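The values are calculated or read from the model by the stated rules, or taken from the named source; none is laboratory data. Since we're looking at a predicted model, the values are computed, not measured. Here the Cβ positions follow ideal geometry from the backbone for every residue, glycine too, while neighbour counts run over all protein chains shown.
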Amino acid sequence: MGLAQVGIALKVLMEKKRRRLKRTFICILGAVAIFFIYLNCNQKLNLDRANLAPLSSEKPQWEDPGPYHVAYPRNYKFIMDDTPTCKNTTPFLVLMVPVAPSDVAARDTIRKTWGNEKLVLGQPVETLFILGRPGGADAEQQQEKLKQENLQHHDLIQSNFQDSYRNLTIKTMVMLEWLATHCAEASYTIKIDSDILLHVPNLVKLLLDHRTAKQNYMTGCVWWNSPVLRNPFNKFYMPSSVIAEPQYPPYPLGMAYVMSLDLPSKILVAAPHIKAIFIEDAYLGMCLKHLGLSPTNPPESTMFIVDPTHPLSSCSLSKVIAVTTTSISQMTSYWERSRQPDAKC
Ligand SMILES: *[C@@H]1O[C@H](CO)[C@@H](O)[C@H](O)[C@H]1NC(C)=O
């Protein structure tokens, strides 16, 4: 092969290479162009969505809280709260009962039992129910029924968040918002679940006791060393990426906790500094800790019983403040028994 031939062969080779490069370049250019067109369209779509959003809801688009947090704080609004409680009255004690919108049976039972004790040891006591928006296919009908129910009793406080078990923390926080706004002049509140028997006279007696603090006071069944549960199959599972500490700060169990009414506004000041987890009572413990506060044990361990052995004796019923029950009928019969004065211990 002569030198000239090698030269030609090389030229052909380089020409081929250049063509291949050109093709590759055009391909890349094409891909980039398509990508940009796609991006642009997507942006337009998002813009359209954003423009449409005010039609469906007036809220701006919020960040998704993820599985372990709840959407709080947000500017939720009360869509029902025409109660005279704390507006025209100054109760000593406000009973706050979080309840599912559909659970009218529990509300009616409470209205007939411990929720109907209005003057206890000379102290005015009032009962309110707190709920969010009903969900599901019949939400509108449910809402209509709630309005009727409230017309009759004027004891429903409803906020416009979506009511669900996973949203309990939101319910607690909007409850505190309501109390901070309206009940700062009242003395104490108890947040109490709808399946609990409440012994109102025993509670008032405790609150009137001169040893009971009038401020920064929170009591109930206090968990001092509640572990953060790391089993992914547990209902209260919490990964260490969300909470690194092995334990929650101390907090009273959600079944029933008592607060002096200076606390709601203080907790609301702390709340924006701590991302709200879905475990409402533990979250309150985190807020208390941020405030440098701690709950107080009740004077007797017989006062708050989360996991009792049924049936309860007349003696334990006479000492209890709050105890879990298994049904509405059990709660009713315990309440009737707890009113009888002849308890023997
Ligand atoms: C909790 O409430 C927020 C606000 O209404 C809502 O966006 C969210 O879907 C609710 N979450 C659940 C699990 O119901």
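What the table below lists for this structure:
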| read-out | value |
| --- | --- |
| Of all residues making up region 245-272, the number that are within 16 Å of the chain's Cα centre (by Cα) and surrounded by fewer than 20 Cβ atoms within 10 Å (Cβ to Cβ) | 4 |
| Selection from region 273-291 of residues that are part of a helix (DSSP H, G or I) and crowded, with 17+ Cβ neighbours inside 10 Å | 280, 281, 282, 283, 284, 285, 286, 287, 288 |
| Every pair of residues 6+ apart whose Cβ atoms lie under 7 Å, when the first sits in region 106-125 and is in contact (Cβ under 8 Å) with a residue 60 or more places away in the chain while the second is aromatic (Phe, Trp, Tyr) | 107/129; 113/335; 114/335; 123/92; 125/92 |
| Subset of region 292-305 [surrounded by fewer than 21 Cβ atoms within 10 Å (Cβ to Cβ) and not polar (S, T, N, Q)] | 292, 293, 298, 299, 300 |
| Residue match in region 147-158 (condition: polar (S, T, N, Q), within 23 Å of residue 269 (Cα to Cα), touching a strand residue (DSSP E or B) at 6+ places or on another chain (Cβ under 7 Å) and surrounded by fewer than 23 Cβ atoms within 10 Å (Cβ to Cβ)) | no |
| All positions within region 135-170 that are within 12 Å of the ligand (Cβ to nearest atom) and either without any contact (Cβ under 8 Å) to a residue 40 or more places away in the chain or in contact with a Pro (Cβ under 8 Å, 6 or more places away or on another chain) (or both) | 135, 136, 162, 163, 164, 165, 168 |
| Looking only at region 326-345, and only at residues there that are modelled with pLDDT under 95 and assigned to a loop (DSSP other than H, G, I, E, B), the one that is nearest to residue 196 (Cα to Cα) | 340 |
| Count of residues meeting criterion [more than 16 Å from the chain's Cα centre (by Cα) and within 16 Å of the ligand (Cβ to nearest atom)] in region 65-94 | 2 |
| Failed item, numbered, when residue 294 is tested on (1) in contact with a helix residue (DSSP H, G or I) (Cβ under 7 Å, 6 or more places away or on another chain); (2) free of Cβ contacts under 8 Å to residues at least 24 places away in the same chain; (3) part of a loop (DSSP other than H, G, I, E, B) | (2) |
| Residue within region 109-130 that is out of contact with any strand residue (DSSP E or B) (no Cβ under 9 Å at 6 or more places or on another chain), closer than 30 Å to residue 64 by Cβ and within 16 Å of the ligand (Cβ to nearest atom) present | no |
| Residue within region 306-317 that is of a type in the set (Gly, Ala, Ser), farther than 30 Å from residue 229 by Cβ and surrounded by 18 or more Cβ atoms within 10 Å (Cβ to Cβ) present | no |
| Residue satisfying all of: in region 171-186; surrounded by fewer than 19 Cβ atoms within 10 Å (Cβ to Cβ) and among the small types (Gly, Ala, Ser); farthest from the ligand (Cβ to nearest atom) among these | 184 |
| Qualifying position, being among the hydrophobic types (A, V, I, L, M, F, W, C), touching a Pro at 6+ places or on another chain (Cβ under 6 Å) and either modelled with pLDDT under 95 or part of a loop (DSSP other than H, G, I, E, B) (or both), among 186, 244, 213 | 186 |
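Quick grid of which residues meet (1) without any contact (Cβ under 8 Å) to a residue 40 or more places away in the chain; (2) farther than 15 Å from residue 293 by Cα; (3) aliphatic (A, V, I, L, M); (4) within 16 Å of the ligand (Cβ to nearest atom):
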residue	(1), (2), (3), (4)
191	no, yes, no, no
239	no, yes, no, no
246	yes, yes, no, no
251	no, no, no, no
258	no, no, yes, no
